[in-house]
Amino acid sequence: LSFNVAFATALVPAISAARAKGELNKGVKRISFSLLTTIIIVLPCVVGMVVFAEPILKLLFPNASSGAWIMQVCVLATIFTAMEQTINGALQGLGKVMVPATALTIGVIAKLIVNLILVPIPTDICPLGGAAGAAFATDVCHIIAFSIVFTVLRKTVDLKLSFSKMVLKPIIASVMMAIVSYGVYILLNSIISQNLATIVALVVAVITYALSVIVLKIFNEEDILMLPYGQKIYAILVKMGIYKEKIK
């Protein structure tokens, strides 16, 4: 989320400038790129936190008796929170400054209602009772807020979003990352300490995911050039044979 704030912050002046110059098409491309980058950043983090919830909890809080399930439930909100951040930056640049606040207010009201229903329920009766219920209420809050701001954004500008590029390929890359890294964790856990096995597995996860993103060509040539040092990155990918032609 901290990394993603940069995209939301940068979108506000970029979209405002494009709108003022009558070049909204460029602004729309920037929004689509930022949404894609947000998904690329946040999805593997969420998958990693779900798969490695127990090892990460023991690594950070060795004396904690439980909490992995609550972490797995709560981390789902990260996807929608990150998407909210990016979309809110776009909406503010488009002059829709009240929409993000209104959407989050509605989400908070829903969160309060879900809290009142689930938190009093004992966990032995319902797995989403107690603290897990509060975590689930956070998910509901941000799902609702995201749904509202995304709907407004789609009605405001003509976003051309590819399901394969924005959803399918990132999910495939994240699943590949999870399988490889958890396999490494299982293998190492019987040889070295659990904490060290967790750290090594997470490093492997980062490398595997980065390679998966490149191999699946989630970013096209135009996307790569919008990245910092995009020209150099693209030139390297051409030399690796991932992309065939250089952009002039």
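Quick check, is Ile113 open to solvent by 80 Å² or more (accessible area, probe 1.4 Å) and either closer than 17 Å to Thr81 by Cβ or part of a helix (DSSP H, G or I) (or both)?
yes
Any chance you could count how many residues in region 199-218 are open to solvent by 30 Å² or more (accessible area, probe 1.4 Å), among the hydrophobic types (A, V, I, L, M, F, W, C) and either more than 14 Å from Met49 (Cα to Cα) or out of contact with any Gly (no Cβ under 8 Å at 6 or more places or on another chain) (or both)? Of the residues in that region, 11 qualify.
Please enumerate the residues belonging to region 15-27 that are surrounded by fewer than 18 Cβ atoms within 10 Å (Cβ to Cβ) and assigned to a helix (DSSP H, G or I). Hits for region 15-27 are Ser16, Ala17, Arg19, Ala20, Leu24, Asn25, Lys26.
Restricted to region 51-99, the set of helices (runs of 4 or more DSSP H) holding at least 3 residues that are more than 18 Å from Asn195 (Cα to Cα) and not aliphatic (A, V, I, L, M) comprises 68-74, 76-93. Residues of region 134-143 include none that is part of a helix (DSSP H, G or I), farther than 23 Å from Ala68 by Cβ and without any contact (Cβ under 8 Å) to a residue 60 or more places away in the chain.
Which of the residues that make up region 147-198 are among the aromatic types (Phe, Trp, Tyr), without any contact (Cβ under 8 Å) to a residue 60 or more places away in the chain and either surrounded by 13 or more Cβ atoms within 10 Å (Cβ to Cβ) or in contact with a helix residue (DSSP H, G or I) (Cβ under 6 Å, 6 or more places away or on another chain) (or both)?
Filtering region 147-198 down to residues among the aromatic types (Phe, Trp, Tyr) leaves 150, 163, 182, 185.
The next check asks that each one be without any contact (Cβ under 8 Å) to a residue 60 or more places away in the chain; those that pass are 163.
Scanning region 147-198 gives no hits.
Take the conditions under 20 Å from Leu159 (Cβ atoms), buried (at least 20 other Cβ atoms within 10 Å of the Cβ) and touching a residue at least 24 places away in the same chain (Cβ under 8 Å) and apply them to Ile31. Does it pass? Against the criterion (under 20 Å from Leu159 (Cβ atoms), buried (at least 20 other Cβ atoms within 10 Å of the Cβ) and touching a residue at least 24 places away in the same chain (Cβ under 8 Å)), Ile31 qualifies. Thr105 passes every criterion in (1) open to solvent by 30 Å² or more (accessible area, probe 1.4 Å); (2) touching a His at 6+ places or on another chain (Cβ under 9 Å) apart from (2).
Could you list all residues from region 172-231 that are outside any helix (DSSP H, G or I) and among the small types (Gly, Ala, Ser)? Steps first, please.
As a first pass, look at region 172-231 and keep what is outside any helix (DSSP H, G or I): 190-193, 216-220, 227-229.
Selection gives Ser190, Ser193.
The values are calculated or read from the model by the stated rules, or taken from the named source; none is laboratory data. Being a predicted model, the structure only gives us computed values, none of them experimental. Here the Cβ is made from the backbone with ideal geometry for all residues, glycine too, and neighbour counts use every protein chain on show. The accessibility values were calculated without ligands, DNA or RNA, using every heavy atom of the protein model including side chains. Shrake-Rupley method; radii C 1.70, N 1.55, O 1.52, S 1.80 Å.
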